[in-house]
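Computed from the coordinates by the stated procedures, all read-outs in this text should not be read as laboratory data. Since the structure is predicted, the reported quantities are computational estimates derived from the model, not experimental observations. When we count neighbours, we look across all protein chains shown, and the Cβ atoms used for this are built from the backbone with ideal geometry, even at glycine.
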Amino acid sequence: KEQLYAEIRNLPSVTRDGVPISMQLNCGLLIDLPHLHASGAEGIGLYRTEIPFMVRSSYPDVQAQTDLYSRIMDEAGDKPVIFRTLDVGGDKMLPYMTGGEEENPALGWRAVRIGLDHPSLLRQQLRALLLAAAGRSLSVMFPMIAEVAEFDAARRLLDMELKRLAVQGVAPPERLRVGTMIEVPALLWQLPALLPRLDFLSVGSNDLTQYLFAADRGNPRTSNRYDPLSPAMLCLLRRLVDECGKHRVSLSLCGEMAGRPLDAMALIGLGFRTLSMSPPSVGPVKTMLRSLEVAALRQYMSGLYLGADHSLRDKLRSFAKDHG
Ligand code: PEP
Ligand code: MG
């Protein structure tokens, strides 16, 4: 299989009936970057900036962050990178930064909530990203946004940093794209206000599933209890495809489901055209999609009753079997 994956690395990422699918990588460390070129992925759809923060013993200053982001951009070359701002808290605590014990860390003080309560932290990170991106492209994504007002507040911090650097004579990014993850279900009911503000939206299906079903992703008793290929999740994802299409916002999915071939197949059937996954998933997902007929799958899925089933996995698996 390894050999098969190596062989298809340079083949186009298109379905059998000619639909191009953009395959992106999830990364978090500099040592992940060689995979970007080795895997044939088109870019980094999720750069988890908290990972380098987690392996250090103290909070990196702006200079250290700028150097790091700049190296990532250098290594990525002309492939785009989406930098997600710090997503700590919950299950990812920094040893040098604790908010105190929480009874429900997953529902607690984490991700953009910390950055909005301590704007200087988020501003330092945004400043470092802007400095690293002077004269080149930058995509910034905020995690765990629960309401439009939070997105606006985060965006304002970015604009403040842009102004500050302009005063100092630092070149702005040649192209700046700003987006958010959708991980908190509340955001689903704010799409008409949210989407016009965004350049892109990325589904964090790991957390979105956890919050949608009220099922801890880290607890083995609950983490697999609900299937992302359930009627609730598929309806939700289909609606996101429709709404993003209407508002011309690029939509991707960067949770673990994008890296599982059957789940990825379902996503493509729903209309997703950008999937971001960990490096080892690229080969298997690409093998799947190159043999897929999207038109047949779309038709099959439009006839699926998204009602009372626990999961549509078996039905989708039998489609996959029947169609090679
Ligand atoms: C997600 O929640 O799906 C996601 C991609 O973010 P993380 O796994 O880093 O929480
Ligand atoms: Mg998440």
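Quick notes on this one:
- Within the shell defined by Cβ-Cβ distances under 10 Å, the residues around W109 carry a net charge of 0, with Lys and Arg each +1 and Asp and Glu each -1.
- Summarising the amide proton neighbourhood of I44: residues at separation of 5 or more, or on other chains, whose placed amide H is nearer than 5 Å comprise L25, V81, I82.
- Relative contact order [Cα under 8 Å, 6+ residues apart], region 121-245, whole percent: 23 percent
- Of the trypsin sites (Lys or Arg not before Pro) in region 205-250, those whose Cβ has at most 13 other Cβ within 10 Å and which sit in DSSP loop: R225, R248
- ³J(HN,Hα), Karplus 6.51/-1.76/1.60, whole Hz, each residue of region 152-167, x for Gly, Pro: 4, 5, 5, 4, 4, 4, 5, 5, 5, 5, 4, 4, 4, 6, 4, 4
- By the compact-protein rule of thumb, 2.2 N^0.38 Å, the alpha-carbon radius of gyration of region 158-217 corresponds to a ratio of 1.55.
- Pairwise centroid distance, computed over Cα atoms, of region 179-232 with region 97-146, Å: 19 Å
- Legend: Rg and Dmax of the chain, from Cα coordinates, 19.7, 62 Å.
- Its Cα gyration tensor gives region 222-297 an equivalent ellipsoid, and the semi-axes of that ellipsoid, as √(5λ) in whole Å with the largest first, are 19, 17, 13.
- Against the main long axis of the alpha-carbon atoms of the chain, helix 261-270 sits at an angle near 90°.
- D67-K163 pseudo-label distance in nm [points 7 Å out on the Cα-to-Cβ vector]: 3.2 nm
- Low-density loop positions, trypsin sites (Lys or Arg not before Pro), region 1-89 - DSSP coil, at most 13 other Cβ in 10 Å: K1, R56
- According to the calculation over all Cα-Cα pairs in region 183-235, the P(r) per 10 Å bin from zero is 23, 48, 23, 6 %.
- Estimated from helices alone, the mean residue ellipticity of the chain at 222 nm is -13000 deg cm²/dmol (sum of -39500 (n - 2.57) over DSSP H runs with n ≥ 4, per residue).
- For the chain, the longest principal axis of the C-alpha atoms and the axis of helix 62-76 are separated by about 40°.
- Across K1/K92; K79/K286; K1/K79; K1/K286, pairs whose alpha-carbon gap is larger than 23 Å: K1/K92; K1/K79
- Whether region 90-204 is rounded, prolate or oblate, judged on the alpha carbon gyration tensor where a/c under 1.5 counts as rounded: oblate
- Normalised contact order of the chain, rounded percent, pairs of Cα under 8 Å and 6 or more residues apart: 19 percent
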